[in-house]
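Working notes, structure below.
The values are calculated or read from the model by the stated rules, or taken from the named source; none is laboratory data. Bear in mind that the values here come from a model prediction, so they are computed numbers and not experimental data. All Cβ positions, even for glycine, are placed from backbone atoms using ideal geometry, and neighbour counts span all protein chains on display. Note: accessible area is taken over every heavy atom of the protein model, side chains too, but ligands, DNA and RNA are not part of it. Shrake-Rupley method; radii C 1.70, N 1.55, O 1.52, S 1.80 Å.
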Amino acid sequence: MAARLYPVSELVYRAFPVVQRPHLSACCKRWVAAAVGQPGSSREGNGAGPDTSCSSLSSSSSSSSRDEDAIAAVLAAAGLDPAELEQQAPDAYSELSPALAQVLAEVVGNRVVSSNFTRVPAAELMARICFLAWEVGLTAAEIRDGHRRYWRFLSFTLDSSRRLHSWLQLQHLSTDQLRLASRNYSTLWALDAVTFQRNKEHVQQQLDPGALSSNLDSLLAAEPCLRASSPWLLRNSGTVLSCSPETLLCKVKFLRQNGFDEEQLSRVLRACPMVLSSNLEDKIKPILAALQSVLGSQEGVVAAVVKAPSLLVAALETIDGNVGVLKELDMSSADIMKSVSRQPQLFACDYRSEDFQTKLRYFEAVLGRTPRHMLLEQPMVLKSALKKVDYRVSFMEQKGDIYHKATLSWISWSDTRFCERYRYSTEEYEGWREQWVHSERARLYGLDKADVPGMARALQARDRRNRAKVAARREEVLAAGEEQG
């Protein structure tokens, strides 16, 4: 077989991975993208580039100028200075397209409310986005989706990720395989090449559709109930391939031994397939034991988990902490069992969290319901967003009504039913929002702030739990040292 001949620049790049390919200008980059179908060029990654037919130089310049104006407008709308970005990272800015500029604007906008990437300059984020688009081959839509799924998708250093990209290419991984890996493994580009060299066979197996198909076939043949979670298994192929089929089947077998029948298993795995990635000894067994100590019977545990499958992947500290909160409210074991059985979905939340404690204080101070009453008699109401509750209370108060003092059933109603039931004008109800958001009570309970995405709240809660564990461990070590002294 004849040896493949590479241009000199390609040989240099392959021999020294840290050496970057020469960057093209924005105009040339878009022309090249149109010719080869590069995904980062179009607004949504569908290859909507310039026409490859012969056209005048003036028309191409006009198109480039329009793109540059569109990029500048998108960046300015997000509070970014295009001139400053171009000065700080000229190569990355030259690679920016309108679609990628929109992704950058969204990432920068999200960090305002979620506190992620606050220390990372916008120019660095721009360079990372361009790397994923032009070197890895992801479309703008794929980069946006990756960031929305997990904010650490863009948490990597360019030098390390380029070395990893070069090494993966030398392992004969195609662009399609790298795109697949980037979509399935959010932190792929945060890893270093040394780590991948140590796990080369495992990585290639994870990217091998044949191995995935074989494992899935054996799993579905042994446990038909897993068909309910097969879409998740396909999306998270690492779970299927990093564990042997026997390991996954052991988890299903254990759940069946603890009272779950075929239909209940299918419902649980369909609603919360992450159970399959949880450790049996360290996670599933302790959680079921903790739930049984609260609910008193295996049947009660099964009924609660079927209603709230997320209980199986809840933190054990959350379960224990929630029981502690209920005991502080002078609830007996029977009261706790009643509260959890009535609304197990709520029990998966952290009762000690600041948001939940704020909600309890609000219902007591504004609506006259004590925390004990709410958790024992009306736990379902506590699932409603406090913004929705206070908005309606505020509207009824300004109308001079006291419906909210007599009952809480209005909380679960839709806006249409709420207005119809109390004979309010829908237009007037919607128009009250501007006055409500500036009200004193909205500011007091933090309801005037922008909503934080659910994933960001979950990560913040996990960070708080980890810090609490570290602090507790530190106290234990210090106490042990004082005793020895």
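A few points about this structure:
- Residue-by-residue Karplus 3J(HN,Hα) for the stretch 293-306, coefficients 6.51, -1.76, 1.60, Hz, glycine and proline x: 5, 8, 8, x, 7, 5, 4, x, 5, 4, 4, 5, 5, 5
- Three-way shape call for the stretch 310-352 based on the alpha-carbon gyration tensor, with the a/c threshold at 1.5: oblate
- Label point at ASP463 placed 7 Å out along Cα→Cβ; residues across the stretch 135-178 whose backbone nitrogen lies under 16 Å: 150-156
- Solvent exposure of PHE156, expressed as accessible area, is near 10 Å², computed with a probe of 1.4 Å over the protein chains only.
- Spin-label pair GLU354/SER174, simplified geometry with 7 Å Cα→Cβ offset, distance in nm: 5.0
- Ordering of 471-481, 386-396, 251-261 by packing [mean C-beta count within 10 Å, highest first]: 386-396, 251-261, 471-481
- Expressed as a fraction of 2.2 N^0.38 Å, the value expected for a compact globular protein of N residues, the C-alpha radius of gyration of the stretch 333-383 is 1.06.
- Look at the Cα gyration tensor of the stretch 347-411: its axes a ≥ b ≥ c give a/c of at least 1.5 with a/b over b/c, and that counts as prolate.
- Cα centroid separation, the stretch 378-442 to the stretch 290-306 (Å): 35
- For the peptides 81-88, 169-176, the ranking by mean Cβ contacts within 10 Å, running from highest to lowest, is 81-88, 169-176.
- Projected label distance in nm at LYS383 and GLU317, using a 7 Å step from Cα toward the beta-carbon: 2.6
- Above-threshold pairs, the threshold being 30 Å between Cα atoms, out of LYS283/LYS338; LYS283/LYS383; LYS285/LYS307; LYS251/LYS327; LYS359/LYS399; LYS251/LYS388: LYS251/LYS327; LYS251/LYS388
- Alpha-carbon Debye profile of the stretch 235-387, log10 I(q)/I(0) at 0.10, 0.15, 0.20 Å⁻¹: -0.39, -0.79, -1.22
- Hydrodynamic radius by Kirkwood, which averages 1/r over all alpha carbon pairs of the stretch 250-293, in angstrom: 10.7
- Neighbourhood net charge (14 Å Cβ-Cβ; Lys/Arg +1, Asp/Glu -1) for ALA77: -3
- Under a 5 Å amide H cut-off, with hydrogens placed 1.01 Å from N, LEU447 pairs with nothing among residues at least 5 apart or on other chains.
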